[in-house]
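Before any comments, here is the structure.
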């Protein structure tokens with residue numbers, strides 16, 4: 001049962017007067033089933049065989065094939081912008097898959113948007129977490145969260161999704177979500193509690209391992225114009241905020257720096273990346289049409305921006321890939337007071353409400369480490385190299401034993417959490433870095449840092465980074481151990 005009263009819906013969240021032809025809107029109750037999804041996709045392919053195709057990236061834990069839609073108009077004279085759009089990563093965010101289907105419908109069947117495929121190639125995952133969706137449950141079948149698995153890659157579906165993303169080489173990425181407007185923490189705020197009023201919230205990265213120009217370009221060229229579109233339709237928006245307890249008080253985290261979720265994970269590969277949070281979890285089909293419209297308006301704004309600025313976009317991405325940032329090991333959020341708009345549930349009115357913001361979009365760098373020329377990984381560390389490949393890193397192997405002067409990590413402080421987080425006992429370590437001469441055997445893995453996705457390598461291989469392979473037990477270690485990763489600082493032209 002929805003916690004949202006009729007009077008709140010009528011005052012703040014009336015549906016748009018639009019027609020949506022996707023499966024859920026052909027019935028009065030429920031949502032698009034997996035079978036209806038597949039029938040709908042196949043029907044669109046039969047109508048538009050020259051524009052749409054479909055493949056399967058793998059199967060869910062319960063054996064359902066995960067479809068990937070490909071929209072593309074053949075045009076040999078145009079270098080297309082590659083756009084990735086993903087829906088349904090959380091199975092209880094029911095508007096997300098429907099929004100992907102509506103976007104497909106409009107791109108194929110509405111002449112107003114047909115031109116976009118002249119310059120844009122899309123790959124779309126309508127329903128990433130099929131097992132969770134069928135039970136209206138946030139999590140995958142094994143109880144883990146797919147949007148906390150973008151780095152550790154311990155869930156079957158995560159591996160398929162990330163491999164497909166890496167293979168595509170997206171330049172713009174949208175991950176479509178919904179958020180819960182009635183949170184437990186909100187009951188303690190104002191007189192008798194509050195509810196979130198924002199139709200949409202934008203989550204884009206503040207991670208300092210992503211070059212400044214790409215972070216700023218995402219905000220200035222994509223996020224801000226999309227917000228203006230929402231303003232024109234009288235839809236409220238904010239950068240993504242969620243409550244967090246700090247010393248007993250309720251604060252609001254804003255933005256993200258965490259690569260364990262998509263907004264930052266995608267950005268670390270050198271693309272414009274945003275996770276959209278639409279107001280919808282826990283309120284059933286309330287304002288369902290409004291939710292789909294909001295997602296569509298933002299998605300279409302991103303596509304139009306990519307179309308109208310394709311050369312500029314590619315230039316900014318190229319600039320970011322050439323930027324040699326050092327590894328950000330430790331950062332601190334900017335903390336300040338600000339005002340948000342919210343619904344006072346006692347008065348049924350929109351109010352300005354002062355809160356404490358902990359802002360990941362304004363990070364202070366506390367500790368960094370010089371960017372290496374390459375990382376060396378010992379041949380036996382298969383778990384590391386398998387994940388690096390899935391994340392899209394290019395790897396080479398030493399073809400003979402050879403000695404190098406490198407930096408090694410020795411663990412000086414070690415802590416392992418007793419309670420599991422998403423299936424692992426997270427590790428936190430400090431290291432001492434020493435310069436040594438070491439002979440590396442044939443088959444040692446080399447990760448050169450002049451490649452396009454090199455910043456992802458720093459994020460996962462530098463052991464003190466919050467979401468590294470060390471953090472998530474891809475590499476198990478202990479105090480006093482020497483890690484199986486080494487840093488080559490000096491340029492070496494002998495490496496292939």
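The values are calculated or read from the model by the stated rules, or taken from the named source; none is laboratory data. Note that the structure is a prediction, hence the values are computed from the model and not measured. We place every Cβ from the backbone using ideal geometry, glycine too, and count neighbours over all the protein chains shown.
Provide a single number: the residues in the range 6-29 that are exposed (fewer than 13 other Cβ atoms within 10 Å of the Cβ) and outside any helix (DSSP H, G or I).
Total satisfying the criteria: 8.
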Practice prompt. Specify the residue that is nearest to residue 331 (Cα to Cα); the eligible residues are those in the range 434-448 that are in contact with a strand residue (DSSP E or B) (Cβ under 7 Å, 6 or more places away or on another chain) and surrounded by fewer than 17 Cβ atoms within 10 Å (Cβ to Cβ).
Written response: 434
Worksheet item: Among the residues of the range 316-343, how many are surrounded by 18 or more Cβ atoms within 10 Å (Cβ to Cβ) and assigned to a strand (DSSP E or B)?
Response: 8
Discussion item. In contact with a helix residue (DSSP H, G or I) (Cβ under 8 Å, 6 or more places away or on another chain) and assigned to a helix (DSSP H, G or I): is that true of residue 139 in this structure?
Written reply: no
Discussion item. Residues that are in a loop (DSSP other than H, G, I, E, B) and either outside the structural domain of residue 417 (by TED's automatic domain parsing) or under 17 Å from residue 258 (Cα atoms) (or both): does the range 454-462 have at least one?
Written reply: yes
Worksheet item: Residues 351, 357, 377, 429: which one is touching a strand residue (DSSP E or B) at 6+ places or on another chain (Cβ under 8 Å), touching a residue at least 60 places away in the same chain (Cβ under 8 Å) and under 27 Å from residue 332 (Cα atoms)?
Response: 357
Item to complete: Answer yes if at least one residue in the range 74-90 is at pLDDT 95 or above and surrounded by fewer than 15 Cβ atoms within 10 Å (Cβ to Cβ), and no otherwise.
Response: no
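What do you reckon, is residue 476 surrounded by fewer than 20 Cβ atoms within 10 Å (Cβ to Cβ), under 26 Å from residue 148 (Cα atoms) and outside the structural domain of residue 272 (by TED's automatic domain parsing)?
yes
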